[in-house]
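Take a look at the structure below.
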Amino acid sequence: RRVLLLGEGNFSFAAALGEAPGTHVVATCYESEEEAAGRGGAARSIRRLRDSGAEVVFSVDCTKLKEHFLPGKREFDRIYFNFPHCGRKAGVVKNRQLLAGFFHSCAEVLAQDGEVHVALCNGQGGTPADQPRREWHNSWQIVAVAAGAGFILSDVHPFKAETIHGYKCTGYRSQDKSFCVEGALNHIFTRSTAPLCFSPVSCQTQLGSQKVSFQVPQILVDKINRGFLEVNSSHPVRTIKEKLSAGLSQAFPLQNISSCLPLLLQGHPSGVCHSNIFWITLSPGEAPSTEKMSQGLADTALCSHFGQDTDENVQEAIPKQFYLRPSLLPHARAIIKNRTFSPGTLQVLCGAVFRKCRITPHSMPAFHEMLVVLAVSRGTENSCVQMLVDNMKTTMNSLLQDVSGIKPSISLQEATSFGAELSDFAAFEWQLGEIQHFLSVGTDTDPSGCCVGVIRTAPEELKSHELVVVSASLNLDLLAMLLCGISDWRMLWTSDSRFLRQFPEGELRLFRSFSLYPPSYVHDVSFWVPGGEEFDEVAFHTLARRVSGEMVVSIQLRDDFQQPGTGRRSLCYRVTFQACDRALGSREAAELQLHFREEIQQQLGVTLR
């Protein structure tokens, strides 16, 4: 393992590290050899290093590392910079600039899976790990500075000087004097994955009896056909689906019918706000003929919209409006309508669904839905619902306790008593049809709970004299977040392999983030709304998602002003940019904000103030 040490004072840290087996140390300092050897104990440490086979290099500028090493010797597995400082009474701004140059230089000489270790005195880093924590403007802002060079903070722990044999800190204000390292922290940085390139992606799917292709909406490019539910997947979403299915199979015969569900639906979904739908235009020349579409409507779920307003349209003319499925419920209703089920057998449908929504911590434009459908004899529906819910509660209780050791609070609440403030998931489910119960999961840390599912009975027109159909819809992504302690839904979709490595062979574990304390950047945008029009907030949030590549974590309305006399309406929003799995620097965030301002003018017709 090749290890580079920078800014060594008396080389005592390098000498201690050089004794580790399997480590080739390259120890450097900014001063000349003559200046460095004059520090107390430095000459002895330098001799120890050279005797052990280590390299000692002088006059090394930490911001120009590439210049000091030949191409074949530039790749280091670990780089240490203990207590960097510009010297003398340099302030926080100069030291931030030093760190910025250092991190950009590290990017040129660090191995792909290498680490950068930076030790700072208590409070300097500006992260929540510092106790006490300095005000942001008075800190070195190390995580934000590192992000500008493509690094994320993956670990932070106390710098224990007393455990390093022979180590003595020196260099206080460029002098041969020690300084206080009590409460010092070692910050460990790793490379971030590169920003995703959102080039246009075409997707093929079955539509009736035809295969058609369409261009995927840009904000869903990294979410279409990810294969999280496939047999060879170790993604926690699939593991939870399999565990729930196994639990349900203990109480009911089970049939999985998820393999042939089309991504696209056709028509005009009644009851659903059109701004929540991802409307799709088929690729040129691919619109199905009326004859083939009519045949397809009979064969697939395309005939069963959220309402029943399409039968006449099918007979007259087929409207060529297509949209990504926002729910699996239409497919379930097609099964019910066609009576292609066995009473008493649990039908299980699983797949990704897509909804335009506002930006909130638990609102997802794409998630994996598990829909279970059960046909039971009239008069037994209440007991069957209770059996179904009890089984899911038992399985989820077991999962949550196994993973986190936390006893969950899983409750079934009457829809009428759930309260006016519904989550986006629950609110959208209301649009799909009447709900009897909400399924919520709470923990000791969040006793109020989060709605993860809904229970329904089929509409009257789909019932028979003998049977009642009960369905339960679960948001598997929300369950994965709750069970594995994942605070940000975006992490479920990360392309960084460090996520799935934490769930080997489908094992559920508490997730440990590999990007700690990601920096956030706040920008305000104010504009005049076109006269006489209602402002579409969902479209505004969706545009923010697209432009930023899901780097916007919060949008808050700060001011809603109506100009006296003219009646013109002005809105001011506070937009917060923050990544969860990769580096986001201040310059990139500023560029995203400028692009967002341009796009809202062009796409929403507003006038910037």
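The values are calculated or read from the model by the stated rules, or taken from the named source; none is laboratory data. Bear in mind that the values here come from a model prediction, so they are computed numbers and not experimental data. Please note: Cβ atoms are built from the backbone with ideal geometry, for glycine as well, and neighbour counts cover all protein chains shown. All accessible areas refer to the heavy atoms of the entire protein, side chains included, with ligands and DNA or RNA removed. Shrake-Rupley method; radii C 1.70, N 1.55, O 1.52, S 1.80 Å.
Restricting to segment 65-104, name every residue that is in a helix (DSSP H, G or I), over 17 Å from ALA119 (Cβ atoms) and of a type in the set (Lys, Arg).
Listed by number, the residues that qualify are LYS66, LYS73, LYS94.
Could you figure out which of (1) surrounded by fewer than 18 Cβ atoms within 10 Å (Cβ to Cβ); (2) outside any loop (DSSP other than H, G, I, E, B); (3) modelled with pLDDT under 80 isn't true of SER383?
Going through (1) surrounded by fewer than 18 Cβ atoms within 10 Å (Cβ to Cβ); (2) outside any loop (DSSP other than H, G, I, E, B); (3) modelled with pLDDT under 80 one by one, SER383 breaks only (3).
For residues in segment 558-608 being in contact with a Phe, Trp or Tyr (Cβ under 6 Å, 6 or more places away or on another chain) and over 21 Å from ARG490 (Cβ atoms), which is most open to solvent (accessible area, probe 1.4 Å)?
Only one residue fits best here, namely ARG568.
Give the residues of segment 266-279 that are out of contact with any helix residue (DSSP H, G or I) (no Cβ under 6 Å at 6 or more places or on another chain), at pLDDT 85 or above and either among the aliphatic types (A, V, I, L, M) or open to solvent by less than 40 Å² (accessible area, probe 1.4 Å) (or both), sorted by residue number.
Within segment 266-279, ASN276, ILE277, PHE278 meet the criteria.
ARG238 - would you say it is under 19 Å from LEU328 (Cα atoms), part of a helix (DSSP H, G or I), assigned by the TED database to the domain that holds SER473 and open to solvent by 20 Å² or more (accessible area, probe 1.4 Å)?
Yes, satisfied.
For residues in segment 100-139 being open to solvent by 10 Å² or more (accessible area, probe 1.4 Å), of a type outside the set (A, V, I, L, M) and closer than 17 Å to PRO519 by Cα, which is nearest to the chain's Cα centre (by Cα)?
PRO128
Restrict the check to segment 199-208 and report whether at least one residue is crowded, with 21+ Cβ neighbours inside 10 Å and at pLDDT below 80.
Yes: one or more hits.
Quick one: is ASP402 modelled with pLDDT under 80 and surrounded by fewer than 22 Cβ atoms within 10 Å (Cβ to Cβ)?
Taking the combined requirement at face value, the residue satisfies it.
Within segment 323-331, is there a residue that is part of a loop (DSSP other than H, G, I, E, B), open to solvent by 20 Å² or more (accessible area, probe 1.4 Å) and touching a residue at least 12 places away in the same chain (Cβ under 8 Å)?
No.
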